Amino acid sequence: MKILIVDDFPDSAESLAKLLACHDHEIRFALTPIEAGRICESFRADAVVIEVLLRGVDGYRLADVLRKMLPEGVRSSFCGRFSGKWSDVSSD
């Protein structure tokens, strides 16, 4: 499976890319929404993993843009960072 990872935190993007590559997936990762768009011009991902809290653009909005660039049926997954403090997690 071809997977694009979009995360503005390099350590997270690289770690997830290495993990998925170990399972025989073809991986690309982008650190910015613009870079993700450029990668999508030549890399036809089957799935995209997007950080929700990207700097400068909402991850959901980026997903809408990428869906228009990628083949129909591409899957999107969203992730967010956890600060490690349970007090930061809302119970609402």
- What about residue 46, is it under 19 Å from residue 1 (Cβ atoms) and more than 13 Å from the chain's Cα centre (by Cα)? no
- Item | Residue in the stretch 56-74 that is surrounded by the most Cβ atoms within 10 Å (Cβ to Cβ), counting only those that are over 12 Å from the mean Cα position of the chain (by Cα) and assigned to a loop (DSSP other than H, G, I, E, B) | 70
- Message: When you check residue 39 against the structure, is it under 14 Å from the mean Cα position of the chain (by Cα), closer than 23 Å to residue 61 by Cβ and free of Cβ contacts under 8 Å to residues at least 24 places away in the same chain, yes or no?
- Response: no
- Item | Extreme residue, farthest from residue 71 (Cα to Cα), among residues of the stretch 1-24 that are assigned to a loop (DSSP other than H, G, I, E, B) and open to solvent by 60 Å² or more (accessible area, probe 1.4 Å) | 9
- Is there any pair with a first residue in the stretch 16-36 that is hydroxyl-bearing (Ser, Thr, Tyr) and a second that is at pLDDT 95 or above and open to solvent by less than 100 Å² (accessible area, probe 1.4 Å) whose Cβ atoms are under 7 Å apart and which are 6 or more apart or on different chains, and what are they? none
- Could you say whether any residue in the stretch 42-55 is assigned to a loop (DSSP other than H, G, I, E, B) and touching an Asp or Glu at 6+ places or on another chain (Cβ under 7 Å)? yes
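The values are calculated or read from the model by the stated rules, or taken from the named source; none is laboratory data. Please read these numbers as outputs of a predicted model, since none were measured by experiment. When we count neighbours, we look across all protein chains shown, and the Cβ atoms used for this are built from the backbone with ideal geometry, even at glycine. Calculation scope for accessible area: heavy atoms of the full protein, side chains included, ligands and nucleic acids excluded. Shrake-Rupley method; radii C 1.70, N 1.55, O 1.52, S 1.80 Å.
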